[in-house]
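Beneath this line is the structure, given in structure tokens, with notes to follow.
The values are calculated or read from the model by the stated rules, or taken from the named source; none is laboratory data. On a predicted model such as this, the values are computed, not experimentally measured, just so you know. Note that we place each Cβ from the backbone using ideal geometry, even for glycine, and neighbour counts take in every protein chain shown.
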Amino acid sequence: MLQVFWSDSSGVKQQIPSEEWKALLLDPKGLLWVDIENPTEDELDLLSDVYEFHPLSIEDCIFPNHRPKIDDYEEYLFVIFHSMAIKGDVYSQENLDILELNIYLGPNYIVTVHEDPIPVIRQVKTKCSMNNSLLCKGTDFLLHLIIDTVVDDETRIFDRIEDKLDEIEDEIIADKGGALEKINEFKGLLSKFRKVSGPQRDVIRMMMSHSFSFISTHQVIYFKDIHDHLISINENTTLMKEMIASMMESYYSMISKKLNDVMKILTVVTIIFLPLNLITGFYGMNLRYLPPETQWEYSNVFIILFMLLIAVTLVLFFRKKKWI
């Protein structure tokens with residue numbers, strides 16, 4: 001699906017036929033933004049026929065799942081960036097979508113190619129439709145706007161993950177079930193998150209440190225702001241992984257304490273019943289001559305009371321020692 005924006009001194013136009021693109025690209029004062037979603041073969045052919053992009057970069061658009069990177073083809077830049085999206089309210093590795101965004105940046109054009117719908121691109125297109133002046137500030141500004149919106153969205157998702165981890169920590173303290181499964185899910189989620197944010201930070205650093213002809217020195221400071229946000233995300237990811245490790249230690253510590261409490265109770269019960277079993281075993285022996293006290297009329301009552309006395313004495317002893 002194609003969506004086209006053309007901006008020049010006369011204003012902004014949309015949905016311009018592809019036959020007119022080559023003529024528009026000859027106007028150095030205009031800006032042509034072509035967004036291609038789930039490209040067909042005909043739409044991919046436009047990348048080579050109209051823009052004459054390198055076959056390797058087009059191949060990257062056809063076969064996604066690449067690391068974030070930036071390639072300088074002299075006449076244009078080719079950037080691969082990733083956007084993230086959470087499906088629903090359940091935070092897990094399966095529900096975190098990594099959406100690849102391929103961007104071509106030229107002197108007066110920008111082309112975005114992506115296989116899946118990307119909410120961030122939709123947001124930027126809405127902004128440009130409502131505020132036409134955004135398309136009059138140059139291709140490097142539009143590139144910054146797209147990437148900045150991607151990183152802001154990542155920050156929002158990251159903040160929600162942090163809030164969810166705080167909730168899990170409260171569940172561990174409250175001794176609720178299912179905490180370990182949630183901790184493991186978030187551990188994998190953060191690893192997946194970091195695999196994307198780390199290389200993206202390197203891409204932005206290259207935009208700042210290299211003198212690319214299509215990124216003005218005026219825009220470099222804005223990319224530095226994005227770089228700072230990505231550094232913050234990566235540092236917080238490391239801190240949160242340490243936090244998860246600490247939560248797992250706390251969880252296993254609580255499980256161990258529960259097990260120790262159970263073992264302590266079982267040990268106390270065993271010790272209490274040990275002398276009782278000894279007494280009942282001794283007087284329950286099938287012998288011809290039993291001790292004389294067994295011939296007493298109240299011997300059964302006496303033995304029962306004696307056993308109760310032993311049990312009560314042991315319980316009081318354990319409580320005094322604070323073992324129970």
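See the values below:
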quantity	calculated
Qualifying residue in the stretch 257-266 (condition: assigned to a helix (DSSP H, G or I), surrounded by 12 or more Cβ atoms within 10 Å (Cβ to Cβ) and without any contact (Cβ under 8 Å) to a residue 24 or more places away in the chain)	no
Which listed residue, of ASP97, ASP45, is farther than 25 Å from LEU135 by Cβ, modelled with pLDDT under 90 and part of a helix (DSSP H, G or I)	ASP45
Verdict on SER129 being assigned by TED's automatic domain parsing to the domain that holds ALA245 and over 20 Å from ARG67 (Cα atoms)	yes
Any hit, the stretch 109-131, residues being outside any strand (DSSP E or B), under 23 Å from ASP45 (Cβ atoms) and of a type in the set (Asp, Glu)	yes
Residue under evaluation LEU135, criteria (1) crowded, with 16+ Cβ neighbours inside 10 Å; (2) within 24 Å of the chain's Cα centre (by Cα); (3) aliphatic (A, V, I, L, M), criterion not met	(2)
Residue list for the stretch 121-147, restricted to those being β-branched (Val, Ile, Thr) and either out of contact with any helix residue (DSSP H, G or I) (no Cβ under 8 Å at 6 or more places or on another chain) or at pLDDT below 90 (or both)	THR126, THR139
Pick from the stretch 1-23, criterion buried (at least 18 other Cβ atoms within 10 Å of the Cβ) and free of Cβ contacts under 8 Å to residues at least 40 places away in the same chain, ranking: nearest to GLU115 (Cα to Cα)	VAL4
Near pairs, Cβ below 8 angstrom, 6+ apart or cross-chain, from the stretch 34-63 (under 21 Å from GLN15 (Cα atoms)) to any residue that is acidic (Asp, Glu)	ILE36/GLU43; GLU37/GLU115; GLU37/ASP116; ASN38/GLU115; ASN38/ASP116; PRO39/GLU115
Scan of the stretch 175-212 for residues that are exposed (fewer than 15 other Cβ atoms within 10 Å of the Cβ) and of a type in the set (Gly, Ala, Ser), ordered by number	GLY177, GLY178, GLY188, SER191, SER209, SER211
Test: residue in the stretch 268-290 that is within 30 Å of ILE168 (Cβ to Cβ), modelled with pLDDT of 80 or more and loosely packed, with under 13 Cβ neighbours inside 10 Å	no
The stretch 1-41 - residue that is charged (D, E, K, R), in a strand (DSSP E or B) and over 21 Å from PRO64 (Cβ atoms) and, of those, farthest from the chain's Cα centre (by Cα)	ASP8
Some residue of the stretch 92-105 being of a type in the set (A, V, I, L, M), out of contact with any helix residue (DSSP H, G or I) (no Cβ under 6 Å at 6 or more places or on another chain), without any contact (Cβ under 8 Å) to a residue 40 or more places away in the chain and surrounded by 18 or more Cβ atoms within 10 Å (Cβ to Cβ)	yes
Residue in the stretch 177-229 that is farthest from the chain's Cα centre (by Cα), counting only those that are farther than 16 Å from HIS82 by Cα, part of a helix (DSSP H, G or I) and among the polar types (S, T, N, Q)	THR217
Members of the stretch 48-89 that are of a type in the set (Asp, Glu) and part of a helix (DSSP H, G or I)	ASP49, GLU59, ASP60
